[in-house]
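Reading through the structure tokens given below for one structure.
Where a number appears in this text, it was derived from the coordinates with a stated rule and is not lab data. Keep in mind that what you see is a predicted model, and the values were worked out from it rather than measured. Here Cβ is always computed from backbone atoms with ideal geometry, including for glycine, and neighbour counts include all displayed protein chains.
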Amino acid sequence: MKFVIQRVTEASCTVDGNVTGAIQKGFLVLIGIADTDTTAIADKMIKKLLGLRIFEDADGKTNLSLADVGGSLLLISQFTLYADCRKGNRPSFVRAGKPEMASRMYDYIVARCKEQIPDTGCGIFGADMKISLLNDGPFTILLDSEEIC
């Protein structure tokens, strides 16, 4: 599982001209799911995500978590995080989770995040989404379950 976390001052997701999720200060999280991912892995990734202290405190140090600043989440499924570009010029996505399994896992992640961060928006799995964001910093972190689980 991979999370690309971008600290944002605002972000939104639009599908077919309709906003499916919009946030102000918080994290825009692009979520890649592999066939080998489990709910146990998702739980560890969510714990790490929500515990990240990457907002500035009164002294200007990145020492505050999402909850500390009353931040929001916008969660977007993105199978292309598992692109394999080692051969040729056309990426392979064989490591990305199959749609049925990945959709269930994405729904699980959204539900678990909403339990802790009520202001959680999301995209629509498999849809053609238009993502808009204003990256704060910029500050972007990659969490990979192969490194933290």
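Below are the figures for this structure:
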{"read-out": "Extension reserve of the D57-L134 stretch, reckoned as 0.36 nm per residue once the Cα distance is removed", "value": "25.7 nm"}
{"read-out": "Charge tally in the Cβ shell below 15 Å around K25, where Lys, Arg are +1 and Asp, Glu are -1, K25 excluded", "value": "-4"}
{"read-out": "Rg [Å, one decimal], Dmax [Å, integer] - the chain, C-alpha atoms", "value": "15.2, 49"}
{"read-out": "Using alpha-carbon coordinates, inclination of helix 39-51 to the longest axis of the chain, degrees", "value": "30 degrees"}
{"read-out": "Between helix 99-116 and the chain: long-axis angle, C-alpha atoms, 0 to 90°, nearest 10", "value": "10 degrees"}
{"read-out": "Violating pairs (Cα-Cα greater than 32 angstrom) within the set K87/K130; K87/K114; K2/K87", "value": "K87/K114"}
{"read-out": "Efficiency of FRET from Cβ geometry, I141 and V94, R₀ 35 Å, rounded to 0.05", "value": "0.85"}
{"read-out": "Dipole moment magnitude, nearest 20 debye, the chain about Cα centre, only Lys, Arg, Asp, Glu C-beta charged", "value": "360 debye"}
{"read-out": "Mean Cβ neighbour count within 10 Å, used as a protection proxy, ranking 106-113, 129-136, 59-66, 2-9 highest first", "value": "2-9, 106-113, 129-136, 59-66"}
{"read-out": "Relative contact order (percent, whole number), the chain, Cα cutoff 8 Å, 6+ residue spacing", "value": "39 percent"}
